[in-house]
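Here's the structure we're looking at; comments come further down.
The values are calculated or read from the model by the stated rules, or taken from the named source; none is laboratory data. All values derive from a computational prediction rather than experimental measurement. Counting neighbours? That spans all protein chains shown, and the Cβs are built from the backbone with ideal geometry, glycine included. Just so you know, the surface numbers come from the protein's heavy atoms only, side chains and all, with ligands and any DNA or RNA stripped out. Shrake-Rupley method; radii C 1.70, N 1.55, O 1.52, S 1.80 Å.
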Amino acid sequence: MGSLDAFRALVRRDLLLALRRRADVLTTLVFFVIVVSLFPLGVGPEMETLRQIAPGVVWVAALLASMLALGRLFSADYADGTLEQMLLAPQPLGLLVAAKVAAHWLVSGLPLVFIAPVLGLQYDLPWDALGVLMASLLVGTPVLGLIGAVGAALTLGLRGGGVLVSLLVLPLYIPVLIFGAGAVDAAAAGTGAAAHLSLLGAFLVVSLFFAPWAAALGLRISLE
Amino acid sequence: MLEAVNLECVRGERRLFRGVGFELAEGTLLEVVGPNGSGKTSLLRMVCGLLAPAAGEILWRGEPIRAAAEEFRGQLAYLGHLNGIKDDLTGVENLVFSETMAGGGATPRAARDALARLGLAGFEDLPTRVLSQGQKRRVALARLAFRERCRLWVLDEPFVALDAAAVRLVADLIANQADSGGIVLLTTHQEVDVPVRTRRTLRLGAA
């Protein structure tokens, strides 16, 4: 099984690289923590307001943190030529993109899921809402990574690619934001978050299916 | 057999070459020569399938390379200007990874041997970040030791930054590959004598 071996090897390599440059990885997490923690200081200590804005604030911060991390997805591999070698490997490029996104999510998305409930406490979110917040981030952040990969692939090597990628990707993030924050809202209001979470799950399935191939096409164009 | 028919290359507003064609039988070394900016690298990238030609076609064993792309890439070893190695990984880690990607696989021990043969004994377990330019190039070239099964080698300036001993080593490696039935495309600005039986030259930017 050559392709599966390649998938595993690429995930392992990217995790190893992340381990050797921890500062890069921590940037995303620290950004997320700081943005979410600044809001209570700015808005003031009224519990009612904080509870109301919490889902939106956490989700917007997760969105921006994920955008911030996108720049690192392909650029290092592009600069040192390993991406070129990946394009020439006898493996389906979509699968390799999926491996890169998976490793990227493990180091920049998954930590957000685990730190979010701690941050949620600052907003006095009830326990079941905290659980839903985690669940929505767990399902939603991979979608952000997958959609972002398409934008990152298309803007690779462009000057001002950072601005362009946010213009390309942010509109596509909006449904994830609406249903992610909506799930937490619904849980806090006690109406049940199942519908929102199912829709997020549907987004995940669709983007898992299409985004790697779209990003692979983008990479082939960018490397010409 | 590798065949290029009537290739044309346009980069930006400039046409680099047109009407370039060749037919290479197994066991041939093709040296692509020409001044800077004549399109040597572009031609090599076209042959790999990284760059689509503005016109013309490249055939591998009678089939367009885009038709059976994965199979073609399994036959291909490419070394570009960029070494394609990770600065934060050691030489051994780099080699094991790149060979897993190439589908052949390499054990750490085999990787160590290949690096030692290229004169990197003692440097295998250092992050390549701390190696010199020439040593990094050697790590990249060590891949070729695992690619004898690849019937097409495309090497863009493989001798850059290498010292005389390493140049001879790599030249022998290339000659060996061509003489045992592989096709090798090569660009170089250095006068290197590759002791190969069948050699051809393609001149770009002459007209």
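For segment A:83-99, name all the residues that are open to solvent by less than 10 Å² (accessible area, probe 1.4 Å) and either among the β-branched types (V, I, T) or within 16 Å of the chain's Cα centre (by Cα) (or both).
Selection gives A:V97, A:A99.
Scanning for something in a helix (DSSP H, G or I), in contact (Cβ under 8 Å) with a residue 24 or more places away in the chain, open to solvent by 10 Å² or more (accessible area, probe 1.4 Å) and closer than 18 Å to B:G84 by Cβ, does segment B:166-176 turn up at least one residue?
yes
Starting from residues that are under 18 Å from B:Q177 (Cβ atoms) and not aliphatic (A, V, I, L, M), keep the ones in segment B:23-49 and report whichever is nearest to the other protein chains (Cβ to nearest Cβ).
Top of the filtered list is B:C48.
Determine if segment A:157-168 includes at least one residue that is touching a helix residue (DSSP H, G or I) at 6+ places or on another chain (Cβ under 8 Å) and within 14 Å of chain B (Cβ to nearest Cβ).
Yes, because at least one residue in segment A:157-168 is touching a helix residue (DSSP H, G or I) at 6+ places or on another chain (Cβ under 8 Å) and within 14 Å of chain B (Cβ to nearest Cβ).
Let's see how each residue does on (1) over 26 Å from A:A76 (Cα atoms); (2) part of a helix (DSSP H, G or I):
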site	(1), (2)
B:I58	yes, no
B:A67	yes, no
B:E71	yes, yes
B:V96	no, yes
B:E99	no, yes
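So which residues in segment B:1-49 are assigned to a loop (DSSP other than H, G, I, E, B), surrounded by fewer than 16 Cβ atoms within 10 Å (Cβ to Cβ) and touching a strand residue (DSSP E or B) at 6+ places or on another chain (Cβ under 9 Å)?
B:M1, B:A25, B:E26, B:G37
Evaluate segment B:105-125: report whether one residue or more is out of contact with any Pro (no Cβ under 6 Å at 6 or more places or on another chain), within 10 Å of chain A (Cβ to nearest Cβ) and part of a loop (DSSP other than H, G, I, E, B).
Yes, because at least one residue in segment B:105-125 is out of contact with any Pro (no Cβ under 6 Å at 6 or more places or on another chain), within 10 Å of chain A (Cβ to nearest Cβ) and part of a loop (DSSP other than H, G, I, E, B).
Which pairs have Cβ atoms under 7 Å, sit 6 or more apart or on different chains, and link a residue in segment A:74-86 that is at positive phi to one that is modelled with pLDDT under 95 and open to solvent by 20 Å² or more (accessible area, probe 1.4 Å)?
These pairs meet every condition: A:G81/B:L82; A:G81/B:N83.
Looking at B:D156, is it at negative phi, open to solvent by 10 Å² or more (accessible area, probe 1.4 Å), touching a strand residue (DSSP E or B) at 6+ places or on another chain (Cβ under 9 Å) and in contact (Cβ under 8 Å) with a residue 40 or more places away in the chain?
Against the criterion (at negative phi, open to solvent by 10 Å² or more (accessible area, probe 1.4 Å), touching a strand residue (DSSP E or B) at 6+ places or on another chain (Cβ under 9 Å) and in contact (Cβ under 8 Å) with a residue 40 or more places away in the chain), B:D156 does not qualify.
For residues that are open to solvent by 30 Å² or more (accessible area, probe 1.4 Å) and touching a helix residue (DSSP H, G or I) at 6+ places or on another chain (Cβ under 8 Å), tally how many sit in segment A:38-48.
2
Condition first: away from chain A (no Cβ under 12 Å), surrounded by fewer than 17 Cβ atoms within 10 Å (Cβ to Cβ), among the basic types (K, R) and over 19 Å from B:L29 (Cα atoms). Can you find one or more residues in segment B:50-73 that meet it?
no
Just one of (1) open to solvent by 30 Å² or more (accessible area, probe 1.4 Å); (2) under 30 Å from B:L16 (Cα atoms); (3) in contact with a strand residue (DSSP E or B) (Cβ under 7 Å, 6 or more places away or on another chain) trips up B:P127, so point out which.
So B:P127 meets the others, but not (2).
For segment B:77-88, check the following and say yes or no: at least one residue is more than 8 Å from chain A (Cβ to nearest Cβ), open to solvent by less than 20 Å² (accessible area, probe 1.4 Å) and part of a strand (DSSP E or B).
Among the residues of segment B:77-88, at least one is more than 8 Å from chain A (Cβ to nearest Cβ), open to solvent by less than 20 Å² (accessible area, probe 1.4 Å) and part of a strand (DSSP E or B), which makes the answer yes.
Quick one: in segment A:19-34, which of the residues that are more than 16 Å from the chain's Cα centre (by Cα) and assigned to a helix (DSSP H, G or I) is surrounded by the most Cβ atoms within 10 Å (Cβ to Cβ)?
Filtering first and then ranking leaves A:R20.
I'm checking my understanding of the structure. Among residues of segment A:49-82 that are in contact with a His (Cβ under 9 Å, 6 or more places away or on another chain) and open to solvent by less than 50 Å² (accessible area, probe 1.4 Å), which one is farthest from the other protein chains (Cβ to nearest Cβ)?
Result: A:L70.
From the list B:R138, B:R197, pick out the single residue that is touching a helix residue (DSSP H, G or I) at 6+ places or on another chain (Cβ under 7 Å), touching a residue at least 24 places away in the same chain (Cβ under 8 Å) and surrounded by 14 or more Cβ atoms within 10 Å (Cβ to Cβ).
B:R138
Can you run down the residue pairs with Cβ atoms below 7 Å, 6 or more apart or on separate chains, where the first is in segment A:165-186 and assigned to a helix (DSSP H, G or I) and the partner is among the hydroxyl-bearing types (S, T, Y) and at pLDDT 95 or above?
Close Cβ pairs satisfying both conditions: A:G180/A:S136; A:A183/A:S136; A:V184/A:S136.
Could you tell me how many of the residues in segment B:34-89 are within 30 Å of B:E13 (Cβ to Cβ), in contact (Cβ under 8 Å) with a residue 60 or more places away in the chain and small (G, A, S)?
Residues in segment B:34-89 being within 30 Å of B:E13 (Cβ to Cβ), in contact (Cβ under 8 Å) with a residue 60 or more places away in the chain and small (G, A, S): 5 in total.
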